[in-house]
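The values are calculated or read from the model by the stated rules, or taken from the named source; none is laboratory data. Here the structure is a predicted model, which is why all the values come from computation and not from measurement. Don't worry about glycine lacking a Cβ; one is built from the backbone with ideal geometry, like all the others, and counts go over all protein chains shown. Keep in mind that these areas ignore ligands, DNA and RNA; they rest on the heavy atoms of the full protein, side chains included. Shrake-Rupley method; radii C 1.70, N 1.55, O 1.52, S 1.80 Å.
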Amino acid sequence: GAGVSQSPRYKVAKRGQDVALRCDPISGHVSLFWYQQALGQGPEFLTYFQNEAQLDKSGLPSDRFFAERPEGSVSTLKIQRTQQEDSAVYLCASSLVGLAMLEQFFGPGTRLTVL
Amino acid sequence: SQQGEEDPQALSIQEGENATMNCSYKTSINNLQWYRQNSGRGLVHLILIRSNEREKHSGRLRVTLDTSKKSSSLLITASRAADTASYFCATSGAQKLVFGQGTRLTINP
């Protein structure tokens with residue numbers, strides 16, 4: 001596709017449910033990033049992939065958060081046993097080459113609401 | 001935690017006026033990037049300035065970087081209603097971007 005796509009765009013979960021958020025990066029982009037954005041705040045880094053390798057997961061807030069990119073393209077962010085504090089917009093971004101030396105292209109985000 | 005701090009947090013000006021937003025950061029950087037976010041188009045990259053550059057222009061945008069003061073500014077000239085959005089600076093260190101909290105810019109017709 002022409003840009004980064006994410007699905008679903010909106011997700012409502014009951015506390016304790018597991019959720020899976022999908023990201024389709026721009027074709028050919030090596031790097032993929034996940035961010036969490038709370039209301040009124042800037043995006044906060046969660047994790048980074050270069051192809052299928054997860055090179056940095058220092059931003060994942062707990063072991064309930066898990067991300068994968070098994071074939072080096074589509075990525076999934078999974079949150080287990082969701083809590084109310086997980087409510088946020090989850091942004092995915094991709095860039096042509098590794099590291100953060102170039103601009104990142106962002107998807108529209110998935111707004112997660114945990115009740 | 002976020003590294004950058006934008007100032008002001010909110011700015012409201014008349015269409016046609018210039019808007020200036022400032023960003024301060026704490027650690028050494030490879031580059032600094034500015035992004036715009038609105039509900040219609042999500043987060044969009046505006047401009048990137050490298051640590052060895054002091055000023056950069058792109059259309060109506062002018063960015064300055066002062067690494068000695070660990071600060072940057074974004075100037076939007078001749079503002080338009082479509083410039084209404086939140087603006088974020090993001091610093092690039094190692095492998096990730098670190099965003100500030102953003103400036104909410106409102107352009108009044």
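Scanning region A:54-76 for residues that are open to solvent by 40 Å² or more (accessible area, probe 1.4 Å) and either within 14 Å of chain B (Cβ to nearest Cβ) or touching a residue at least 60 places away in the same chain (Cβ under 8 Å) (or both) turns up A:54, A:55, A:57, A:58, A:61.
Just the residues that are open to solvent by 20 Å² or more (accessible area, probe 1.4 Å) and either among the polar types (S, T, N, Q) or on the phi > 0 side of the Ramachandran plot (or both), please, taken from region A:18-36. Residues satisfying the conditions are A:27, A:28, A:36. Total residues in region B:20-34 satisfying the condition of being more than 11 Å from residue B:87 (Cα to Cα), touching a residue at least 60 places away in the same chain (Cβ under 8 Å) and touching a strand residue (DSSP E or B) at 6+ places or on another chain (Cβ under 8 Å): the figure is 6. Might you check whether a residue that is open to solvent by less than 40 Å² (accessible area, probe 1.4 Å) and free of Cβ contacts under 8 Å to residues at least 24 places away in the same chain occurs anywhere in region B:92-108? Within region B:92-108, none of the residues are open to solvent by less than 40 Å² (accessible area, probe 1.4 Å) and free of Cβ contacts under 8 Å to residues at least 24 places away in the same chain.
Looking only at residues in region A:65-76 that are farther than 19 Å from residue A:3 by Cα and assigned to a strand (DSSP E or B), the one that is nearest to the chain's Cα centre (by Cα) is A:67.
Condition check ((1) surrounded by fewer than 21 Cβ atoms within 10 Å (Cβ to Cβ); (2) not β-branched (Val, Ile, Thr); (3) not in a strand (DSSP E or B)) across all residues:
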residue: B:27; (1), (2), (3): yes, no, yes
residue: B:32; (1), (2), (3): no, yes, no
residue: B:46; (1), (2), (3): yes, yes, no
residue: B:87; (1), (2), (3): no, yes, no
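The requirement of being away from chain B (no Cβ under 14 Å) and at pLDDT below 95 is not satisfied by residue A:16.
Only one of the numbered conditions (1) open to solvent by less than 30 Å² (accessible area, probe 1.4 Å); (2) within 10 Å of the chain's Cα centre (by Cα) is not met by residue B:22, and that is (1).
The requirement of being closer than 26 Å to residue A:39 by Cβ, more than 14 Å from every other protein chain (Cβ to nearest Cβ), among the small types (Gly, Ala, Ser) and surrounded by fewer than 16 Cβ atoms within 10 Å (Cβ to Cβ) is fulfilled nowhere in region B:54-62; no residue meets it.
Note on region B:87-107: residues that are under 11 Å from the mean Cα position of the chain (by Cα) and facing another protein chain (nearest Cβ under 7 Å) amount to 5. For residues that are away from every other protein chain (no Cβ under 14 Å) and closer than 25 Å to residue A:83 by Cβ, tally how many sit in region A:19-53. Of the residues in region A:19-53, 4 are away from every other protein chain (no Cβ under 14 Å) and closer than 25 Å to residue A:83 by Cβ.
Filtered by the rule that a residue be facing chain B (nearest Cβ under 8 Å), assigned to a loop (DSSP other than H, G, I, E, B) and open to solvent by 60 Å² or more (accessible area, probe 1.4 Å), region A:77-107 gives A:99, A:101, A:102, A:103.
Just the residues that are farther than 27 Å from residue A:34 by Cα and open to solvent by less than 10 Å² (accessible area, probe 1.4 Å), please, taken from region B:66-85. The answer is B:76, B:79. Of the strands (runs of 3 or more DSSP E) contained entirely in region A:7-60, not one carries at least 3 residues that are basic (Lys, Arg).
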